Every structure is written in structure tokens, then in C-alpha cells.
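Some notes on the structure that comes next.
The values are calculated or read from the model by the stated rules, or taken from the named source; none is laboratory data. Please read these numbers as outputs of a predicted model, since none were measured by experiment. Cβ placement follows ideal geometry from the backbone for every residue including glycine, while neighbour counts extend to all protein chains displayed. Note: accessible area is taken over every heavy atom of the protein model, side chains too, but ligands, DNA and RNA are not part of it. Shrake-Rupley method; radii C 1.70, N 1.55, O 1.52, S 1.80 Å.
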Amino acid sequence: MSATHTPAERRQLVQQLPPLREADARPIQRFLDAIWAEQGLARASLDSYRRDLGGLARWRDGASGGLMTMDRAGLFDYLAWRTRHGWTARSNARLLSVLRAFYGHALKRGDRADDPSALLELPKLPRSLPKALAESQIEALLAAPDVETPLGLRDRAMLELMYAAGLRVSELVNLPANAVNLRQGVLRVTGKGSKERLVPLGEESQHWLERYLAQARPQLSGGKPALAMEDGQVPMFIGADRSAMSRQQFWVLVKACAAVAGIDPGKISPHGLRHSFATHLLNHGADLRALQMLLGHSSLSTTQIYTLVAREHLQKLHRKHHPRG
């Protein structure tokens, strides 16, 4: 079979697999219920775990007892199959982490006597640095929306807030209306694992947020209540249909603003403003521990990747401006 590499081809390949068997669906759901109770994982994380485990079970299709009787050789064959069809080392590493959690849970319950994932090694991951925009590019991006329109004013407020607070895309689009305290100038953010953090707004983002709330949001809602999100909360940022924006809609917004600002689409990512927030703070002397708190990272090692970006920036400046660079 010829290898497939594009995301669309991989999705088509998965769609061609047999449907999930009930004998495999039950232990998957049992595992998801357990980790939700123990760790309070967000819906997006649980859905990702379900897809990963379901993909393996559908590929196995009940052979030799299905998911619960999978051996190390079977897991190795599945990882090899994914690699042949273009799944990346990072994607396979995430899958293996899920498998270890799943089979570790089965071992603890007594459903298995061994863990077939225990002796499989994580694939080596290339070190990829976050892509941050230059400060001049950020200024151009933030100025791109037409603030004379309700949607443009909303877009400007969203971009300003994401850059000022270093929000993840999911945190921004799922931000409830009651998360902002304009009097104190702080934002309450619920991040991964339902962990909350307080982030300062900054004067510019607070200015645009106040304008959005006073002028644009009432026009977008047409004087009617906004539609609640899945968690029952009222969204801060809404569209003309009074519902919260999706991650995909925000990404379309960012690409459109990047085009207006003259930024190469390949130079920006959905988390580009968050990465730029972190990198620019470090470039201006921010403390790494403080940055960890602002970003909501549970581990300092996750935050330290930005020191490499900042160091790379300083090296470029040195090469460009030092007489012996």
C-alpha cells in the first residue's frame, strides 16, 4: 500500500477502518470515566484519548480478543502502520502516553496481568521552537481589524486580549462573560485540567475590551441574551448568531488579519499570539517563574522552551549589530 501523508488522507484512512466494537468501547469508557474522576481532564483531552484508543481498537478489529488482549507486538505493529502512513513522531509519542495510562489503569483494576506498552520506547522528538512574531508584526496584526464595525471591534478586542494575557485559543473562545473584572483589571482564566489563574489585562487590552462590551457586543446580540456554551456559561465573545466562536473560526480570523497586516501565513500559528506574548516578555526581562504562572504551565520545564527562543533572538541581534558578530 502506498504511504499517505496529508492530514486529509490520514482521516480518510481512519474512516475506512471497521466500526468500534462494543467489547472495546466498554473498557475505553471505563478508563475515561476513571481519569475524569481522578484528574478532572477537560472534555477536549478526553475526546483526544477516546480517538486515540478507538483508532487502535478499530485497527485491531477484535483480533485475538481486541484491545484488552493486545500484546507488545500488536502495539508495535500499529505504531509502525501509523508511521508508514504519515503520522509524526510527536503524534505517536502522545498515543503511547495514552496507551500507558490505559493499560496502567487496566493493570491496577486487575483486568490485565501485564502492561504491553511498558517496554515500548517513546520515539525521539525533534526539538521544535514556538514561532513568535516580531513586535512590529504584532502591532500590524492588532491594527488589522476594522474597528468601525461590530465584528471588527470584537476581533480587535480578542487579539489584544490574547496577546496581553497569553491565552490559549481554547481559553479565549471559551472565555465566559463573568471572567473579567474591569475594575481591578484582571482576567480569571480556566486552563488545562480546569486549573484557574489570574492574569492582568493591561491598559490596551482593557481599553478594547471595554469598547467591545459597550458598543459591539450589544449590536451582535441584537439586545437578546447570548447563547450559552456547553458548560452553561455565557460566552464573552460572540458572533452574529449570539453563540461563542469556535477555534476554527478564530483561526480564520487570525489568517484574515495576517493577510491585511502583510504577514506570511506560514509565519503565524493559532497560538502565535501566545508564543509572542511569552517571547516578548522574556526579551524585556520577565522572570521565568512569573511567566510560568501567567501561561498556566504546571511545569517550569514547559516554560523554559521560550528561553531558547529568546536566546536565539539575542544571537541574531548580536550577529547583525556587533562589529565582530
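Taking K and R as +1 and D and E as -1, what net charge do the other residues with C-beta under 15 Å from the C-beta of ASP77 add up to?
Summing Lys/Arg as +1 and Asp/Glu as -1 gives +3.
I want to check a number: in the chain, how many lysine pairs have alpha carbons closer than 17 Å, given a sequence separation of 8 or more or different chains?
4
By how many nm would the segment from ASP61 to ASP47 lengthen if fully extended, with 0.36 nm per residue of separation less the alpha-carbon distance?
The ASP61-ASP47 span can extend by a further 3.0 nm.
Starting from the Cα-Cα distance between SER136 and ARG100, subtract it from 0.36 nm times their residue separation and give me the gain in nm to one decimal.
Roughly 8.5 nm would be gained on extension.
Does the stretch 137-242 come out rounded, prolate or oblate by the C-alpha gyration tensor, with a ≥ b ≥ c the root eigenvalues, rounded set by a/c under 1.5 and, if not, prolate when a/b is larger than b/c and oblate if not?
Oblate.
Using a Förster radius of 35 Å, what is the FRET efficiency between SER246 and ARG183 based on their Cβ-Cβ separation? Nearest 0.05, please.
Efficiency, rounded to the nearest 0.05: 0.70.
With a point put 7 Å past each Cα toward its Cβ, work out how far ASP111 is from ALA34 in nm, to one decimal.
Label-label distance for ASP111 and ALA34, simple model: 0.6 nm.
Starting from 0.36 nm per residue, how many nanometres of slack lie between HIS284 and ALA256 once their C-alpha separation is accounted for?
7.2 nm
Keeping all protein chains in place, calculate the accessible area per residue for the chain (probe 1.4 angstrom), answer in Å².
Per-residue value: 55 Å².
First measure r as the distance between the Cβ atoms of VAL14 and GLU196, then evaluate 1/(1 + (r/R0)^6) with R0 = 35 Å and state the FRET efficiency to the nearest 0.05.
0.50
Ignoring ligands and nucleic acids, what accessible area does HIS280 show with a 1.4 Å probe (Å², nearest 10)?
10 Å²
Report the net charge of residues surrounding GLY239, where surrounding means a beta-carbon distance below 14 angstrom and charges are Lys +1, Arg +1, Asp -1, Glu -1.
With Lys, Arg at +1 and Asp, Glu at -1, the net is +3.
Summarise the accessible area of the chain (1.4 Å probe, protein heavy atoms) by the percent that is carbon and sulfur.
Ligands and nucleic acids excluded, carbon and sulfur give 53 percent.
Based on DSSP H runs of at least 4 residues, each adding -39500 (n - 2.57), what is the mean residue ellipticity at 222 nm of the chain after dividing by all its residues, to the nearest 500 deg cm²/dmol?
Computed mean residue ellipticity for the chain: -17000 deg cm²/dmol.
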